[in-house]
């Protein structure tokens with residue numbers, strides 16, 4: 001989740017354009033394909049963690065779709081904070097969304113907090129956000 005969040009934030013305008021920006025031409029199919037790709041990647045990772053016994057059994061496709069929605073609304077959509085040009089605020093936002101995602105799929109809070117603190121935000125993503 002952290003990787004996807006950082007990637008999305010490194011190209012916020014592009015992510016907004018792909019996911020939801022109003023346009024005159026019909027890009028519904030393209031947007032849906034992009035969302036399916038991202039959700040599919042998340043689902044594969046959740047499924048691998050379930051199979052390995054790190055997460056409880058769950059509908060991984062539904063969980064991935066819900067996480068993608070949370071990521072979009074929290075970091076890219078019109079409800080996203082406007083102060084994400086600040087590297088510290090950006091890091092905090094990514095960590096918050098990552099912690100939410102880990103809790104949502106069943107990672108115990110103490111372990112989730114440890115995983116989030118260990119995650120690093122690549123410096124490259126902080127440039128041109």
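State which residue is surrounded by the fewest Cβ atoms within 10 Å (Cβ to Cβ) when the search covers only region 96-109 and only residues that are without any contact (Cβ under 8 Å) to a residue 60 or more places away in the chain and in a helix (DSSP H, G or I). So that I can check it myself, show each step before the final result.
Within region 96-109, the first condition is being without any contact (Cβ under 8 Å) to a residue 60 or more places away in the chain, and the residues that meet it are 96, 99-100, 103-109.
Add one more test, that the residue is in a helix (DSSP H, G or I), and what stays is 96, 99-100, 103-105, 109.
Working: 96: 15, 99: 20, 100: 16, 103: 14, 104: 16, 105: 22, 109: 10.
Result: 109.
Quick one: is residue 79 over 21 Å from residue 43 (Cβ atoms), free of Cβ contacts under 8 Å to residues at least 40 places away in the same chain and surrounded by fewer than 20 Cβ atoms within 10 Å (Cβ to Cβ)?
For residue 79, the condition - over 21 Å from residue 43 (Cβ atoms), free of Cβ contacts under 8 Å to residues at least 40 places away in the same chain and surrounded by fewer than 20 Cβ atoms within 10 Å (Cβ to Cβ) - is met.
Rule-based calculations on the coordinates, nothing more; no lab input. What you see is a predicted model, and the numbers here were worked out from it, not measured in a lab. Cβ sites come from the backbone with ideal geometry, for glycine too, and all protein chains shown count toward neighbours.
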